[in-house]
Amino acid sequence: MRVLVTVGSTRFDALVETTLSQPVLNVLSQKGFSDVVVQCGSSRVDELGSTDVEGIVHKYGVDVKIWRFKPSLDEEYDAADLVIGHAGLSPLPRFLAVRNNLVHDPGSGTILDVLRRGKPLIIVPNPTLLDNHQEDMAHAMGVMGYAKVSTVK
C-alpha cells in the first residue's frame, strides 16, 4: 500500500522530518504501507541534496520517494491508499482564480481533490503560516467527519 504526504509549495520541515523518522516509518510498515511518497515543497530534506528535486531511499523497511514539486498531483492522489497533507492554500494564497467560468478558491485544493476521490485523509496543519489559518480549515474538516486531524507531535 502507498501513503502520499504532501506539504504544498512552502516549507513544512516538521512534517517531512516526522514522516521520515524511524517511529513513523515503522508504524506505516506495520500497517501494511510499503511505499511512502513525500512531496516536500521547499522543506529541508536530509535525503535530498540542496539542488536535488527528487530522490528514492529505502528506510526502515519502507521505500520512500521524495520530490519537491509536480505540475499536478492527480496521479499521486489516484495511486495513494492514504493521504497525509497540510490544510493550506495553493501557491496563490488569498486570491481567486477563474477556471471554466467558475470562481475557484485555490485554498483547499489538496483536501477537496482527496475527498473527491474517496481517499482517507489525515490533515496536519502547519502552524507557522498565515496566522495559523490551516488550523481553522483542519478543525472544520475534522468536526464534519471528512478527515482525521493531527499534529506532527
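Data table
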| read-out | value |
| --- | --- |
| Test: residue in region 7-14 that is modelled with pLDDT under 95, of a type outside the set (Asp, Glu), crowded, with 18+ Cβ neighbours inside 10 Å and more than 20 Å from Gly109 (Cα to Cα) | no |
| Pairs with Cβ under 6 Å, 6+ apart, first in region 136-153 and buried (at least 16 other Cβ atoms within 10 Å of the Cβ), second of a type in the set (Val, Ile, Thr) and assigned to a helix (DSSP H, G or I) | Val152/Thr18 |
| Any hit, region 126-145, residues being under 12 Å from the mean Cα position of the chain (by Cα), under 24 Å from Gly32 (Cβ atoms) and at pLDDT 80 or above | no |
| Any chance Glu54 is of a type outside the set (Val, Ile, Thr), more than 22 Å from Ile123 (Cβ to Cβ) and touching a strand residue (DSSP E or B) at 6+ places or on another chain (Cβ under 7 Å) | yes |
| Selection count, region 15-41, where residues are at pLDDT 90 or above, surrounded by 15 or more Cβ atoms within 10 Å (Cβ to Cβ) and either of a type outside the set (A, V, I, L, M) or farther than 19 Å from Tyr77 by Cα (or both) | 11 |
| Lone qualifier among Gly8, Gly32, Gly41 - being part of a loop (DSSP other than H, G, I, E, B) and in contact with a Phe, Trp or Tyr (Cβ under 8 Å, 6 or more places away or on another chain) | Gly41 |
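Here's the yes/no breakdown for (1) polar (S, T, N, Q); (2) more than 16 Å from Leu4 (Cα to Cα); (3) part of a helix (DSSP H, G or I):
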{"position": "Thr110", "(1), (2), (3)": "yes, no, yes"}
{"position": "Val114", "(1), (2), (3)": "no, no, yes"}
{"position": "Ile122", "(1), (2), (3)": "no, no, no"}
{"position": "Pro127", "(1), (2), (3)": "no, yes, no"}
{"position": "Asp131", "(1), (2), (3)": "no, yes, yes"}
{"position": "Gln134", "(1), (2), (3)": "yes, yes, yes"}
{"position": "Ala140", "(1), (2), (3)": "no, yes, yes"}
{"position": "Gly145", "(1), (2), (3)": "no, yes, no"}
{"position": "Lys153", "(1), (2), (3)": "no, yes, no"}
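Residues checked against (1) buried (at least 17 other Cβ atoms within 10 Å of the Cβ); (2) farther than 20 Å from Ser150 by Cα; (3) at pLDDT below 85:
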position	(1), (2), (3)
Ser43	yes, no, no
Gly55	no, yes, no
His58	no, yes, no
Gly61	no, yes, no
Leu73	yes, yes, no
Asp78	no, yes, no
His86	yes, no, yes
Leu112	no, no, yes
Arg117	no, yes, no
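The values are calculated or read from the model by the stated rules, or taken from the named source; none is laboratory data. All of these numbers come straight from a predicted model, not from anything done at the bench. Note: ideal-geometry Cβ built from the backbone for every residue, glycine included; neighbour counts use all protein chains shown.
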